[in-house]
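To start, the structure under review is shown below, and the notes come after it.
The values are calculated or read from the model by the stated rules, or taken from the named source; none is laboratory data. Computed from a predicted model, the values in this text were never measured in an experiment. Counting neighbours? That spans all protein chains shown, and the Cβs are built from the backbone with ideal geometry, glycine included. Heavy atoms of the whole protein, side chains included, go into the accessibility calculation; ligands, DNA and RNA do not. Shrake-Rupley method; radii C 1.70, N 1.55, O 1.52, S 1.80 Å.
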Amino acid sequence: MRRLSFALVSLLAMALLTVPDSAIVAQDAPQARTITFATLAPPGSTIMRGLEAWNREIRRRTDRGLQIRFYAGGVQGDEPEVIRKIRSGRLDAGGVTSTGLAQIHRPALIFQLPGTFRRYEQVQAAREALAPEVEAGMIQQGFRMLGWADVGQAHLFSRREIHTPADLAPCHFWVRSDDVILPTVFQIVRTNTVSLSVPEVLGGLQTGRIDTFLAPPAVALALQWGSHATHMADTPVAILVGGSVISERTFQSLTPEQQTVLTETGAQFHGLARRNAARAEQEAITALRNRGLTVVPMSPADVTAWRTVGRQVRERVASQIADPALIARAASFGEQ
């Protein structure tokens, strides 16, 4: 019996001595750090494919030490709910539009001032000059910007032709819950407003509760809203902005190397997305036209009427968004 026990101990010792170093390292290697990230973008959409490509690059550069777990399609709620979950620590990060940014730091809305920017180049110039100042304010609120995005040029979609603001009178217009700007528009323009969260919009269109909405064509296509509209104005009313944010608490818990990879890859991904925004927009318009959507031309007088409303709205909401000096600096880029 003693001889058998000695033999077993000897075999066990030999086995331990012959375990390859790689196996020991694998056992001691820390598990990958996972960042939870919520977005309204549907699974399989162009936006989600880009986010997944970003995640693959993060994993590659950190040797799988850092990765993102996405919750797509609004399963974590609309943007205000996502921001609340990030604040409470139930989520780490999210992709948001101006609605979500306004929940964090309202001066972020200077890049979406009504009646101000007509071209992506103007928005980008304003961001390059003023984003560092805005982002510093966001950090004070517990959030860090990982990258800015151009959600797209917002067009009017409806089940009737719309040329001027007066044409909205009989419409049932979707207003996003917690939106800062649109309610002010409808203090000036007469229409019937219906307040819904983003996940509720498709149902509202299907039941006829709403028949008019403002959205970039790529968003209308991806979320299937465009299938419930018959007309789209050819001239955009505004350029919508957004981006990816992360809890500052989560960001500071990462290693310096992970922080560098996350910020560098975030800048690369969002820069590529901004460069592709105009092309994606035209592709979406073509797809919507092929499905029977009628594109309604706006005359110079129509465009002037919308821009007049935009300037009036900007004057009313400016004090709710940021310091007048910051508003003026942002607006100056729209004049270039």
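Residue 320 meets all of the listed conditions (1) in a helix (DSSP H, G or I); (2) within 25 Å of residue 95 (Cβ to Cβ); (3) at pLDDT 90 or above; (4) open to solvent by 60 Å² or more (accessible area, probe 1.4 Å) but one, namely (3). Among residues of the stretch 232-263 being among the aliphatic types (A, V, I, L, M) and under 20 Å from residue 88 (Cα atoms), the one that is nearest to the chain's Cα centre (by Cα) is 245. The residues of the stretch 47-74 that are outside any helix (DSSP H, G or I), open to solvent by 50 Å² or more (accessible area, probe 1.4 Å) and either at positive phi or modelled with pLDDT under 95 (or both), listed by number, are 63, 64. With a requirement of 2 or more residues that are over 27 Å from residue 143 (Cβ atoms) and open to solvent by 40 Å² or more (accessible area, probe 1.4 Å), the helices (runs of 4 or more DSSP H) lying completely within the stretch 174-244 that satisfy it span 182-188, 198-207. For the stretch 290-312: of the residues being assigned to a helix (DSSP H, G or I) and small (Gly, Ala, Ser), which is least open to solvent (accessible area, probe 1.4 Å)? Ranking the qualifying residues of the stretch 290-312, first place goes to 310. Kindly indicate whether residue 111 is buried (at least 23 other Cβ atoms within 10 Å of the Cβ) and in a helix (DSSP H, G or I). Answer is yes for this residue. Per the listing 37, 117, the residue uniquely open to solvent by less than 10 Å² (accessible area, probe 1.4 Å), in contact with a strand residue (DSSP E or B) (Cβ under 6 Å, 6 or more places away or on another chain) and touching a residue at least 24 places away in the same chain (Cβ under 8 Å) is 37. Pairs linking a residue in the stretch 84-103 that is closer than 11 Å to residue 250 by Cβ to a residue that is open to solvent by 30 Å² or more (accessible area, probe 1.4 Å) and assigned to a loop (DSSP other than H, G, I, E, B), with Cβ atoms under 8 Å and 6 or more positions apart or on different chains, are 91/76. Among the residues of the stretch 131-148, some residue qualifies, meaning at least one is at negative phi and assigned to a loop (DSSP other than H, G, I, E, B).
So which residues in the stretch 282-312 are touching a residue at least 12 places away in the same chain (Cβ under 8 Å) and basic (Lys, Arg)? Within the stretch 282-312, 291, 307, 311 qualify. Among the numbered conditions (1) among the charged types (D, E, K, R); (2) part of a loop (DSSP other than H, G, I, E, B); (3) at pLDDT 95 or above, the only one that residue 118 does not meet is (3). Would the stretch 276-287 turn up any residue that is farther than 22 Å from residue 148 by Cα, surrounded by fewer than 19 Cβ atoms within 10 Å (Cβ to Cβ) and more than 25 Å from the chain's Cα centre (by Cα)? No; the residues of the stretch 276-287 include none that is farther than 22 Å from residue 148 by Cα, surrounded by fewer than 19 Cβ atoms within 10 Å (Cβ to Cβ) and more than 25 Å from the chain's Cα centre (by Cα). Just one residue in the set 146, 156 is touching a residue at least 40 places away in the same chain (Cβ under 8 Å), surrounded by 19 or more Cβ atoms within 10 Å (Cβ to Cβ) and out of contact with any Gly (no Cβ under 9 Å at 6 or more places or on another chain); that residue is 156. With the requirement that a residue be among the polar types (S, T, N, Q) and either open to solvent by less than 10 Å² (accessible area, probe 1.4 Å) or over 18 Å from residue 320 (Cβ atoms) (or both), what does the stretch 120-143 give you? 122, 124, 140 - these are the residues of the stretch 120-143 that are among the polar types (S, T, N, Q) and either open to solvent by less than 10 Å² (accessible area, probe 1.4 Å) or over 18 Å from residue 320 (Cβ atoms) (or both).
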